[in-house]
Amino acid sequence: MKFGIHSFKEAGFDIIALQDLVTGTQVEIIPAYGALLHAFKVKRQQESLNLIDSYKDLSDLEANLRSSFKSVKLSPYACRIKDAQYTWEGTSYSIQKTIAPGNAIHGLLYDAPFTITTQEADDQQATVTLTHHFKQTDDAGYPFAYDCVATFTLRADNELQLSTTITNRSNNTIPVMDGWHPYFSTGTPVDELELTFASKQIVEFNEKLLPTGNLLPYTEFVGGKLLKGVELDNSFILDQTKAQPLATIHDPKKNINITFYPGNNYPILQIYIPPHRTSIAVENLSGAPDAFNNGLGLVQLAAGESRVFDTRIRVSL
């Protein structure tokens, strides 16, 4: 068998790993904290290189998860909701799970425990499915039961597929936004990396990083650009008529490419470079920040309806 799965404990985490037994590529997930993508390890010059900037141990996660949100599942919304409030079908709601009063960001599942529901490996791939059942009573600001099912699939050629199925378990139509928040690092400073992505517009933000309602033409990274001195914490509308991949991180020093293949249900690309500039967050999102209020990319799920959001990440060396 060319692919395998194994579970182990390390640095205080319970980890499940997908393995390519031929190349040594390994993807590690921490189900207990937002189905966190903990590692994407590839072999380079006989050494293992982890391309995910994650937490070094459990104490690091506990201290920093609510400020960095590294590599967790973003659901049922991503990014910010203005004043942690929104109106849905004539009723006003106030999100209770905030990082500070009135500051709701990156959803309600970023530290939620997911349960492993299926795992399978064969000669083509290794796949694991994690499930979280969100209950109506979990947050008064989002009183809608739903299932979040996250599936990780490792295939040949260092390809990882991230697929999320959201199913409405309430009796009414509910608002949904979905995304991921992975931070990538090749070990080379971000200032020496090149970024390419097929955007057609940028979402204009105000000083609180909330959309103003304006979409502005933006193609600055279509041909690729060195990130030296570039500051980014922005949402871009992808041009999904272009050929995949729609985004690429290129490390010219190590000749590494990390390429992104988002499905049609992820029309927004959020890019964030943290102040330390040793990693870069590339986030596939179904909608823009504050989508519950501005409606930009907001998904409405009828009772019992499901929606699949998927993206693929491929590493070439």
Legend entry - Residues (among the charged types (D, E, K, R) and farther than 22 Å from LEU58 by Cα) located in the range 1-44: LYS2, ASP20, LYS43, ARG44
Inset, instruction - Could you tell me whether any residue of the range 186-201 is of a type in the set (S, T, N, Q) and open to solvent by 40 Å² or more (accessible area, probe 1.4 Å)? - result: yes
Legend entry - Flag for ALA100 being open to solvent by 10 Å² or more (accessible area, probe 1.4 Å) and farther than 25 Å from PRO267 by Cα: yes
Legend entry - Elements of type strands (runs of 3 or more DSSP E) in the range 1-108, at least 2 residues being over 30 Å from ASN172 (Cβ atoms): 3-10, 13-20, 26-30, 36-44, 47-50
Inset, instruction - Name the one entry in PRO182, PRO175 that is touching a helix residue (DSSP H, G or I) at 6+ places or on another chain (Cβ under 6 Å), crowded, with 19+ Cβ neighbours inside 10 Å, closer than 24 Å to PHE309 by Cβ and not small (Gly, Ala, Ser). - result: PRO175
Inset, instruction - Output the residue which, of all residues in the range 251-276 that are in contact with a helix residue (DSSP H, G or I) (Cβ under 8 Å, 6 or more places away or on another chain) and crowded, with 18+ Cβ neighbours inside 10 Å, is farthest from GLY295 (Cα to Cα). - result: ASP251
Legend entry - Any chance ILE258 is closer than 16 Å to THR278 by Cβ and part of a strand (DSSP E or B): yes
Inset, instruction - Output the residue which, of all residues in the range 66-93 that are small (Gly, Ala, Ser) and free of Cβ contacts under 8 Å to residues at least 60 places away in the same chain, is least open to solvent (accessible area, probe 1.4 Å). - result: ALA84
Inset, instruction - Please state which one of SER235, SER306, SER279 is open to solvent by 30 Å² or more (accessible area, probe 1.4 Å) and among the hydroxyl-bearing types (Ser, Thr, Tyr). - result: SER306
Inset, instruction - Collect the residues in the range 180-219 that are of a type in the set (A, V, I, L, M, F, W, C), in contact with a Leu (Cβ under 7 Å, 6 or more places away or on another chain) and free of Cβ contacts under 8 Å to residues at least 60 places away in the same chain, keeping them in residue-number order. - result: ALA198, ILE202
Inset, instruction - Read through the list (1) open to solvent by 10 Å² or more (accessible area, probe 1.4 Å); (2) closer than 17 Å to THR151 by Cβ, then give the number of the only condition that LYS2 fails. - result: (2)
Inset, instruction - Please identify the pairs in which a residue from the range 47-65 that is closer than 13 Å to ILE15 by Cβ has its Cβ atom under 7 Å from the Cβ atom of a residue that is open to solvent by 40 Å² or more (accessible area, probe 1.4 Å), counting only partners at least 6 apart or on another chain. - result: ASN50/LYS41; TYR55/ASN64; ASP57/ALA11; ASP57/GLY12; LEU58/ALA11; LEU58/GLY12; LEU61/TYR33
Inset, instruction - Could you tell me whether THR248 is open to solvent by less than 40 Å² (accessible area, probe 1.4 Å), modelled with pLDDT of 95 or more, within 19 Å of the chain's Cα centre (by Cα) and β-branched (Val, Ile, Thr)? - result: yes
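The values are calculated or read from the model by the stated rules, or taken from the named source; none is laboratory data. What you see is a predicted model; the values in this text were computed from it and never measured. Don't worry about glycine lacking a Cβ; one is built from the backbone with ideal geometry, like all the others, and counts go over all protein chains shown. Ligands, DNA and RNA are excluded from the accessible area calculation, which covers all protein heavy atoms including side chains. Shrake-Rupley method; radii C 1.70, N 1.55, O 1.52, S 1.80 Å.
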